[in-house]
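Report on the following structure.
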Amino acid sequence: MTAGEAEAKPSQVRPLDAAERRVLGVLIEKAKTTPDQYPLSLNGVVTGCNQKSNRDPVMTLDEEQVMRALTSLRHSGAVAEVFGSGKIPRYRHLAYEWFGVEKEELAILGELLLRGEQTEGDLRGRASRMDPIPDLDVLRGHLDRLAAKGLVVWLSPPGRGRMLTHGLLPPEKLEKVRSQLGMTSAPVAAPVAAAAPTLPSLPPRETPAAEPDSGDGESLGDRVARLEAELADLRGRLESLERDLGR
């Protein structure tokens, strides 16, 4: 911490509301992608929250909403206020300490906070803009470690095109996400206990209903999932190629 940084509060990992998720995701992202502009002013955080690229959903938060989110995150030990040599307060995340993760794992969590549920293939391509993740096997190693801490929640069974999200959703929001994805509702523990210093164990994985066989030993659902994963991987490679060409 710098000399001008406010005293950090005790770490309390807990479910986050929509504004808190967006604010923390923005601070993680900007620290990695625009370090020369980081820590961020309040105006910088608002701009990052409301930008239209790399966000799902696109939001329109005002300064009051963002300041409330920053204040609550500061009280939980996830964000700190920094003054440095200037008089305008700036904000930085304490997510490495708050979550207890390494840099690639924080990039993964940052993307999940900014976009919510997504496939492994999409996540690999998007998180690689912050820290390189060369392939799905490497990604899955990180995801296994995050899942063991309750920071990742699987939304579909193992296989190509597997869906996941972060473990910081309130229980009712997680059930809504499952419902929107057509997953069978089941009584599961909240990914993060409210105001608890540690995360509980990962919720049990769902078992999908049997699907008709396509005639070649592969179900229709498996074929669709495989094609989606291949498309997501191609999309990730295209994004990486576009970044290389733009340099």
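Is it the case that L109 is in contact with a strand residue (DSSP E or B) (Cβ under 8 Å, 6 or more places away or on another chain), within 25 Å of T47 (Cβ to Cβ) and buried (at least 22 other Cβ atoms within 10 Å of the Cβ)?
Working: in contact with a strand residue (DSSP E or B) (Cβ under 8 Å, 6 or more places away or on another chain): yes; within 25 Å of T47 (Cβ to Cβ): yes; buried (at least 22 other Cβ atoms within 10 Å of the Cβ): yes.
Spelling it out, L109 is indeed in contact with a strand residue (DSSP E or B) (Cβ under 8 Å, 6 or more places away or on another chain), within 25 Å of T47 (Cβ to Cβ) and buried (at least 22 other Cβ atoms within 10 Å of the Cβ).
In the list E63, E7, which residue meets the criterion of being surrounded by fewer than 16 Cβ atoms within 10 Å (Cβ to Cβ), farther than 19 Å from R115 by Cα, at pLDDT 95 or above and not assigned by TED's automatic domain parsing to the domain that holds P171?
On the way: E7 fails: at pLDDT 95 or above.
When all the criteria are applied, what remains is E63.
Of all residues in region 31-48, how many are assigned to a helix (DSSP H, G or I) and surrounded by fewer than 22 Cβ atoms within 10 Å (Cβ to Cβ)?
Of all residues in region 31-48, those assigned to a helix (DSSP H, G or I) come to 31-33, 35-37, 42-48.
Now restrict to residues that are surrounded by fewer than 22 Cβ atoms within 10 Å (Cβ to Cβ): 31-33, 35-37, 42-44, 46-47.
Residues that pass the stated criteria total 11.
Filtering region 31-53 down to residues that are touching a helix residue (DSSP H, G or I) at 6+ places or on another chain (Cβ under 6 Å) and not aliphatic (A, V, I, L, M), which residue is farthest from L112 (Cα to Cα)?
Restricting to residues being touching a helix residue (DSSP H, G or I) at 6+ places or on another chain (Cβ under 6 Å) and not aliphatic (A, V, I, L, M), the top hit is Y38.
Considering only region 66-103, state which residues are exposed (fewer than 14 other Cβ atoms within 10 Å of the Cβ), touching a Ser or Thr at 6+ places or on another chain (Cβ under 8 Å) and within 29 Å of K149 (Cα to Cα).
Result: E97, single match.
How many of the residues in region 134-154 are part of a loop (DSSP other than H, G, I, E, B) and surrounded by 21 or more Cβ atoms within 10 Å (Cβ to Cβ)?
Within region 134-154, the subset part of a loop (DSSP other than H, G, I, E, B) is 134-135, 149-151.
In the following step, the residues that additionally are surrounded by 21 or more Cβ atoms within 10 Å (Cβ to Cβ) were identified as 150-151.
Looking only at that region, the number is 2.
Go through (1) surrounded by fewer than 20 Cβ atoms within 10 Å (Cβ to Cβ); (2) closer than 19 Å to V13 by Cβ for R115 and report which single condition fails.
It fails just one condition, (2).
Tell me which of these L123 doesn't satisfy, since it passes every other one: (1) in a helix (DSSP H, G or I); (2) closer than 19 Å to A19 by Cα.
Single failed check for L123: (2).
Tell me, which residue of region 156-170 that is over 14 Å from G121 (Cβ atoms) and surrounded by 20 or more Cβ atoms within 10 Å (Cβ to Cβ) is farthest from the chain's Cα centre (by Cα)?
L169
The values are calculated or read from the model by the stated rules, or taken from the named source; none is laboratory data. In this text, all values refer to a predicted model and were calculated from it rather than measured experimentally. Note that we place each Cβ from the backbone using ideal geometry, even for glycine, and neighbour counts take in every protein chain shown.
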